[in-house]
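The values are calculated or read from the model by the stated rules, or taken from the named source; none is laboratory data. For clarity, every value in this text was computed on a predicted model and none was experimentally measured. Backbone-built Cβ (ideal geometry, glycine too); neighbour counts: all protein chains shown.
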Amino acid sequence: MSPAGTPEPTAVLEALLFLSGQPLSVAELTAHTGWDEEKIEQTAQTLAGVLREEKRGLCLLRVAGGYQLVVRPELYETVQWVHTRTTELSTTALEVLAIIAFKQPVTRAEIEKIRGVSSERLIASLLQQGLIQDLGRKDSPGRPILYGTSAYFLECMGVDSLSELAEKMPQELQPQAGTETQTATTLTTEEQDERTIAKSNE
């Protein structure tokens, strides 16, 4: 039994494995907890027993020299969970997403004016991934599409609202009043194919 105010070792181990989502080696667990190998193995055995006896949805596996929390095999058919592969956003895609998040509602021409390069392909990719959405049309010549972030974007960022996201931004990264966002003059290989601005869209 742990001293008052000290987390149970099984709770610490369960939390680490849950956060990892993948196997953690004994060396990695030692680095996180400061425990020796004997304590890690004893704690793992205790946790495995608790999960088994309480018929929890997860079980503890010893795999690849470490430990991993996985769904109990008998629950596979009941849960019917299908993993979908996530796509890591490029630096340029993140740049466009940031502009949309803090300038929305915003048109493609306005995004391109800030970045200095065409952003059509990046916007299409963000739409496909569900991170941004079509907010309607701007009441101006040509009635361009207005873009904004989606509820899924907030979910990915772990925030409840855009105002909360802004509050979490480091002070040095917050836009200063009266200044326009400028982009770096060095272009990536991806952008070099798109470096001509569609001035007709401005």
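Overview of results
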read-out	value
Members of region 111-138 found to be free of Cβ contacts under 8 Å to residues at least 60 places away in the same chain, farther than 16 Å from Ala151 by Cβ and buried (at least 16 other Cβ atoms within 10 Å of the Cβ), listed by number	Ile111, Leu122, Ile123, Ser125, Lys138
Criterion: modelled with pLDDT of 85 or more, outside the structural domain of Gly130 (by TED's automatic domain parsing), farther than 30 Å from Ser163 by Cα and touching a strand residue (DSSP E or B) at 6+ places or on another chain (Cβ under 7 Å) - qualifying residue of Val26, Val71	Val26
Options Arg52, Arg62; residue that is outside any helix (DSSP H, G or I) and farther than 29 Å from Cys156 by Cβ	Arg62
Residue in region 90-104 that is within 27 Å of Met157 (Cβ to Cβ), of a type outside the set (A, V, I, L, M, F, W, C) and buried (at least 18 other Cβ atoms within 10 Å of the Cβ) present	yes
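Residue-by-condition table, conditions (1) under 17 Å from Phe153 (Cα atoms); (2) modelled with pLDDT under 90; (3) touching a strand residue (DSSP E or B) at 6+ places or on another chain (Cβ under 7 Å); (4) assigned to a helix (DSSP H, G or I):
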{"site": "Glu41", "(1), (2), (3), (4)": "no, no, no, yes"}
{"site": "Thr46", "(1), (2), (3), (4)": "no, no, no, yes"}
{"site": "Tyr67", "(1), (2), (3), (4)": "no, yes, yes, no"}
{"site": "Thr78", "(1), (2), (3), (4)": "no, yes, no, yes"}
{"site": "Trp81", "(1), (2), (3), (4)": "no, yes, no, no"}
{"site": "Thr87", "(1), (2), (3), (4)": "yes, yes, no, no"}
